[in-house]
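Scroll down for the structure; my scribbles are underneath it.
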Amino acid sequence: MSQCLNVRRGALTAGLLLYLAFAIMDVVKFPSEIYILTLTSRLVLVILPLLYLNCIYWFNPPITIRSNILLMLFIYLAVGLNHTFIYYLSDINGFSFSQLGLILIIMFGCLLMVLPIKPAAIATVIILCVFAAVNIHLSHPLTDLIFTLVILIFVATICLLVNIIGQKTLYKNYLLINRLYNESITDGLTKLNNRRSFQEQIEKLNSIAVRDEVTLGLIFVDADYFKIINDSCGHSIGDEVLKKLARVIDEKCRRTEDIGFRIGGDEFAVILYGVNRAKLEETCLEIVKDVANLNLKNNGRILKTSVSVGAALKPKSTRISSDKLVKLADEYLYEAKENGRNQHCLKTI
């Protein structure tokens, strides 16, 4: 959306200013009995909706490119059909009316507003069909009408092609940015979220939990004697241990609100949004138990491992910073280690 925001803002602002200029030209060019009709139709069908969209995109921009699409299509259709209406009024009253405005309208609707291709094409066909029908009704020469339609269709085709190319480029950029971002917050070995993601999520979720008075659970997990395993069995076995631990962590993230992280060499974390104390303690016990039951083979021997777990629970009514919550969970983790490891320490703040 951010890539298209400035384009949308510029198009909507330019459209509003141009249409206000067209309204002023109506007053200069037409007698009062005509410009009262044209100004009314311009104001109701185009100027007010454009003013509304300008306020949205300049002061409270939407989060997706698909927002307000129906209103934008309505404006495009309204601008095109209103142009034909004014063209009809001009013709029956003997005033000349340039078709350059219709070319600008097609460029505005097909290209600058970054509308979806199919709806933009359908709206363009409707506008051109109504324009052709009005010309036939006014008994204009068929050759002149065909020539004008060919030019308008050519302009519309070029604009739609540019629109297609632009939207495909934007979509490819979006996929690339999304892939790079996902890679930047994912741990390459365990495929869990990494420390950067942890820092982002703990700050965001803690702010939301404090604001909405919701509980927030934070679990820290540390592998016991991992350095000994790494040194005695090799880094490949150490990596397998980390992958097994990550699988245990991931299995505890059963809801969309549960997020697992690898935040260091053998350190993991789990954030549980809106969890109660009983569920948080159950999760801690499951992690300790499941890791203790892991069987890793090393040169025909079974390798056992364990973890120490520290957890902190922020109650609904408690206001606390994310840094303080992390510090407390870390303190409880070391308390579990000092008490003999292969166990958990959970406290409510």
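Couple of notes before you dig in:
- Comparison of R262, R277 shows that the only residue that is surrounded by fewer than 16 Cβ atoms within 10 Å (Cβ to Cβ) and within 23 Å of Q343 (Cβ to Cβ) is R277.
- Put simply, of I320, I287 the only residue that is at pLDDT 95 or above and within 35 Å of the chain's Cα centre (by Cα) is I287.
- Failed item in (1) in the same structural domain as L313 (by TED's automatic domain parsing); (2) within 27 Å of L296 (Cβ to Cβ); (3) not charged (D, E, K, R), with Q199 passing the rest: (2)
- Candidates I106, I127, filtered to the one that is at pLDDT 95 or above, assigned by TED's automatic domain parsing to the domain that holds I164 and buried (at least 20 other Cβ atoms within 10 Å of the Cβ): I127
- Test: residue in region 241-264 that is at pLDDT below 95, farther than 20 Å from G217 by Cα and among the small types (G, A, S): no
- Index of the failed condition, F22 passing every other in (1) surrounded by 13 or more Cβ atoms within 10 Å (Cβ to Cβ); (2) free of Cβ contacts under 8 Å to residues at least 40 places away in the same chain; (3) among the aromatic types (F, W, Y): (2)
- In region 280-330, residue surrounded by the most Cβ atoms within 10 Å (Cβ to Cβ) [restricted to those that are of a type in the set (G, A, S) and more than 15 Å from R341 (Cα to Cα)]: A312
- Residues being in a helix (DSSP H, G or I), at pLDDT below 90 and within 39 Å of the chain's Cα centre (by Cα) are entirely absent from region 141-155.
- When restricted to residues that are out of contact with any Leu (no Cβ under 8 Å at 6 or more places or on another chain) and not in a loop (DSSP other than H, G, I, E, B), region 24-38 contains 8.
- A120 within 29 Å of the chain's Cα centre (by Cα) and surrounded by 18 or more Cβ atoms within 10 Å (Cβ to Cβ): yes
- Taking region 198-232 as the range and being under 25 Å from the mean Cα position of the chain (by Cα) and not aliphatic (A, V, I, L, M) as the test, the residues that pass are F198, Q199, E200, Q201, E203, K204, N206, S207, R211, D212.
- Filtered residues of region 261-271 (kept if in contact with a Ser or Thr (Cβ under 9 Å, 6 or more places away or on another chain) and farther than 14 Å from A329 by Cα): F261, R262
The values are calculated or read from the model by the stated rules, or taken from the named source; none is laboratory data. Owing to the predicted nature of the structure, the values given are computational and were not obtained by experimental measurement. A quick note on method: Cβ atoms are made from the backbone with ideal geometry, for glycine too, and the neighbour counts reach across all protein chains shown.
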